[in-house]
Amino acid sequence: MVIAHEGGYVSPSGEIVGPIAEIAYGVDDSVDVIISAHTHQGYVGRVDGKLVTQAYCYGMAFTEIDLLIDRTTGDIVWSDAELAFVWSDMVSPDPRIEALIERYRPVVEEVINRPIAVAATRLGREGREQGESVLGNLVADSKKWVSGAQIAFLNPGGLRSDLGPGVLTWGDLYAVLPFGNDIIMVEMTGEQIRRALNLQWQEIGEQLQVRFLQLSGITYRYDDRLPVGNRIVFVSLADGTPVEDDQVYTVAVNRFLYEGGNGFTVFAEGKNPTIVANDLDAFVAYLESLEGPIAREIEGRITRCSAEK
């Protein structure tokens with residue numbers, strides 16, 4: 001049995017596709033069950049003869065798995081599973097857990113209620129499915145600022161909440177970046193950066209998965225009518241200097257991306273990786289360094305265009 005923080009999707013034809021399907025085909029046939037996660041989908045099915053499950057996200061469901069094991073050989077000779085939903089309004093809170101929470105609430109509130117900055121406008125994730133977002137730009141700017149790198153990237157799924165307007169507390173910022181990711185600075189060629197940007201479009205089975213990296217210190221134009229893997233038509237630094245394939249640039253990314261999260265495997269090719277800071281600590285310090293209420297808007301770091309002739 002394999003438990004994997006990786007997942008997939010159900011195709012229109014009902015098949016489980018994506019990274020977890022590739023894992024199922026790749027592991028030894030002695031594996032009978034794969035319990036997957038990460039993509040927040042709900043499915044029960046078979047891939048390469050192996051039972052593959054995922055129970056959505058945020059504790060909304062669990063998977064009940066039944067196995068029939070041969071007592072003589074120890075082999076699983078039959079398996080089945082079904083999804084069971086668990087809604088919070090269906091159960092009463094455990095009084096022991098409630099007491100434990102109340103015991104630590106005063107200590108935690110002192111930390112999470114500490115004011116960090118003031119937002120003059122909403123700093124939200126809107127637009128990240130189509131390109132850049134205000135919050136994505138702001139967090140990417142903090143990575144670039146703390147690392148001193150020329151360019152910074154983060155995955156859009158790493159932003160877990162919106163901000164403002166109004167007073168921003170430490171707890172508000174923690175809700176945005178709750179994973180404790182390290183910021184890693186690496187040296188990458190312009191060709192590698194271009195490949196990373198092209199990986200924003202990935203064909204998974206019969207589906208096209210699009211994840212726009214949030215970024216700082218760089219701008220680019222793309223044409224989504226071009227073939228997948230070749231949609232980036234122009235890349236430049238923030239000052240307009242073209243990014244050259246054979247030049248080396250310093251790039252800051254979170255550990256999730258550096259380790260190939262969401263299929264962005266090219267970041268691990270970067271040279272001289274250096275851990276710079278924790279992403280939440282960097283975001284807090286960056287906002288504290290800004291003068292006056294924070295007001296941001298979409299800047300056009302990412303531009304969709306028609307095919308160049």
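The values are calculated or read from the model by the stated rules, or taken from the named source; none is laboratory data. Source: prediction; values computed, not measured. Don't worry about glycine lacking a Cβ; one is built from the backbone with ideal geometry, like all the others, and counts go over all protein chains shown.
The table for this structure:
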item	result
Positions within region 178-187 being surrounded by fewer than 20 Cβ atoms within 10 Å (Cβ to Cβ) and either over 18 Å from the mean Cα position of the chain (by Cα) or part of a loop (DSSP other than H, G, I, E, B) (or both), in sequence order	P178, F179, G180, E187
Region 31-80, residues that are under 16 Å from G18 (Cβ atoms), surrounded by fewer than 18 Cβ atoms within 10 Å (Cβ to Cβ) and charged (D, E, K, R)	R46, D48
Those strands (runs of 3 or more DSSP E) lying entirely in region 1-63 with at least 2 residues touching a helix residue (DSSP H, G or I) at 6+ places or on another chain (Cβ under 9 Å)	42-47, 50-55
Of all residues making up region 300-309, the number that are assigned to a loop (DSSP other than H, G, I, E, B) and more than 21 Å from the chain's Cα centre (by Cα)	6
Options E269, E299: the member that is at pLDDT below 95 and assigned by TED's automatic domain parsing to the domain that holds G166	E299
Breaking point among (1) modelled with pLDDT of 95 or more; (2) in contact with a Ser or Thr (Cβ under 9 Å, 6 or more places away or on another chain); (3) of a type outside the set (S, T, Y), for G217	(2)
Residue check for T265: surrounded by 13 or more Cβ atoms within 10 Å (Cβ to Cβ), under 30 Å from I116 (Cβ atoms) and of a type in the set (S, T, N, Q)	no
Residue that is nearest to the chain's Cα centre (by Cα), among those in region 202-252 that are within 30 Å of V176 (Cα to Cα) and of a type in the set (S, T, Y)	S216
Qualifying residue in region 154-177 (condition: touching a residue at least 60 places away in the same chain (Cβ under 8 Å), under 16 Å from the mean Cα position of the chain (by Cα), buried (at least 19 other Cβ atoms within 10 Å of the Cβ) and part of a strand (DSSP E or B))	yes
Set D80, D66: member being in a strand (DSSP E or B), under 33 Å from the mean Cα position of the chain (by Cα), farther than 23 Å from T39 by Cα and of a type in the set (D, E, K, R)	D66
Test for E244: is it of a type in the set (D, E, K, R) and at pLDDT below 95	no
